[in-house]
Amino acid sequence: MKAAYITHPSFMRHEMGEHHPECPERLAAIADRLLARGVLDCMDEFEAPQATFEQIDRAHEMRHYYELKAAAPAEGYVNVDPDTAMNPHTWTAALHAAGATVLATELVGGGRYQRAFCAVRPPGHHAARGQAMGFCFFNNVAIGVMHALEALGLQRVALIDFDVHHGNGSEDILAGDERVLMVSTFQQRLYPFNGEEALGPNMCNVGLPPYSDGAQLRAAVTERWLPALRAFAPQMLFVSAGFDAHREDDMSHLGWRDEDYAWVSREITRFADEACEGRIVSTLEGGYHLPALARCVELHLRALLRLD
């Protein structure tokens, strides 16, 4: 089967300073691996458009858009929080990252593709309704979710988030919306230091203890995620795909291995095929050890493409 691969050159120009872990080399490592392993041969590549103000406004406060636009520097860096900075290309990259999920939603929701993967940066799941933080400026996946609901008219959409850090921005935007179910895993007592107390009944947050491994992930999926997803019966799945729980990634204290990412991706794909006509939009979030990131994105896409 063919899937859509959505990216944009501006993602390589956004950077937040020397030695920052959320670096352009992340996307280069992914693209090199997918090309060398033949995965891109099974995908049609699209250039992400810029998200419009209307599309962003569905997920964010109006002032957030204009404050970020005003903060964009002509040169150098401007910090929006202690570890999140804008350079002269960040504003454009952030618009295209949000636009990638909108295009993916159109392609999958409109029936042209069953799957789409957004190879984007900056990531998005920490961006709250009115706040940029945690390397994130706009909440790319929430913008896609809201586009599916408001523009395409879907009635039930699920978001799966398997980053090592809780998707607090996604929860902030989507909590209490009965049209959305969000299921997630993350390391307990790690940035952004929340998530274990859900903000709404449509949140299934599963915090995992430090130094746990893939066994706890598998239990979370089989015992918590899948029952909630089956009861909700979504018409489309969105995935915040973070790869920083890997044992080789020093961003966390979890011990996931390559095979754990392959397994969770197969479970997501199997559920989508059973419940929502196989419709999946996946977008890149974390993952900072470049070889592990590239390997695990490949495994994620092989599962989505049914190549494994």
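None of the figures in this text is laboratory data; all of them are computed from the coordinates on show. These figures come from a predicted structure and were not determined experimentally. Cβ placement follows ideal geometry from the backbone for every residue including glycine, while neighbour counts extend to all protein chains displayed.
Give, in nm to one decimal, the length gained when the segment between Leu307 and Tyr211 is fully stretched (0.36 nm per residue of separation minus the Cα-Cα distance).
Contour length minus the Cα-Cα distance gives 31.5 nm.
Of all the stretches in the chain, which is the longest one without any exposed loop site, taking GluC sites (Glu not before Pro) in a DSSP loop (any state but H, G, I, E, B) with at most 11 other Cβ atoms within 10 Å?
198-308
Put a dot 7 Å past each Cα toward the Cβ at Ala198 and Arg218; how far apart are the dots in nm?
2.5
How much of the DSSP beta bridge set in the chain is antiparallel, as a percent to the nearest 5?
Rounded to the nearest five, the antiparallel share is 10 percent.
Say R0 is 41 Å: what FRET efficiency, to the nearest 0.05, do Arg230 and Asp44 get from their beta-carbon distance?
Efficiency, rounded to the nearest 0.05: 0.85.
Identify the residues of the range 176-192 with backbone N under 14 Å of a label point that sits 7 angstrom from the Cα of Arg129 along the Cα-to-Cβ direction, or state none.
176-178
For the range 225-231, take each phi angle, set θ = phi - 60°, evaluate the Karplus expression 6.51 cos²θ - 1.76 cosθ + 1.60, and give the result in whole Hz per residue in order, putting x for glycine and proline.
Listing the rounded values in order: 4, 5, x, 5, 5, 5, 5 Hz.
Which of the chymotrypsin sites (Phe, Trp or Tyr not before Pro) found in the range 107-201 are in a DSSP loop and have at most 16 neighbouring Cβ atoms, other than their own, within 10 Å?
Phe193
Pick the calculated semi-axes √(5λ) of the Cα gyration tensor in Å for this structure from (i) 30, 23, 18; (ii) 43, 21, 16; (iii) 25, 21, 21?
The value matching this structure is (iii).
Evaluate the relative contact order of the range 3-304 (contact order divided by residue number), counting alpha-carbon pairs under 8 angstrom at least 6 apart; express in whole percent.
19
Quick check for you: which residues of the range 73-92 have the amide N under 14 Å from the point 7 Å beyond the Cα of Arg13 toward its beta carbon?
Once the point is set 7 Å along Cα→Cβ of Arg13, 73-76, 87-92 turn out to lie under 14 Å by backbone N, inside the range 73-92.
At 222 nm, what helix-only mean residue ellipticity would the chain give, in deg cm²/dmol to the nearest 500, using -39500 (n - 2.57) for each DSSP H run of four or more?
Helices in the chain give a 222 nm mean residue ellipticity of -11000 deg cm²/dmol.
Looking at the range 83-190, which trypsin sites (Lys or Arg not before Pro) are in a loop (DSSP not H, G, I, E or B) and have at most 13 other Cβ atoms within 10 Å?
Arg112, Arg189
Please give the FRET efficiency for Arg257 paired with His20, using the beta carbon to beta carbon distance and R0 = 30 Å, rounded to the nearest 0.05.
Efficiency computed from Cβ-Cβ geometry: 0.70.
With r as the distance between the Cβ atoms of Asp250 and Asp81 and R0 = 22 Å, compute the FRET efficiency 1/(1 + (r/R0)^6) and round to 0.05.
The pair Asp81/Asp250 has a calculated efficiency of 0.60.
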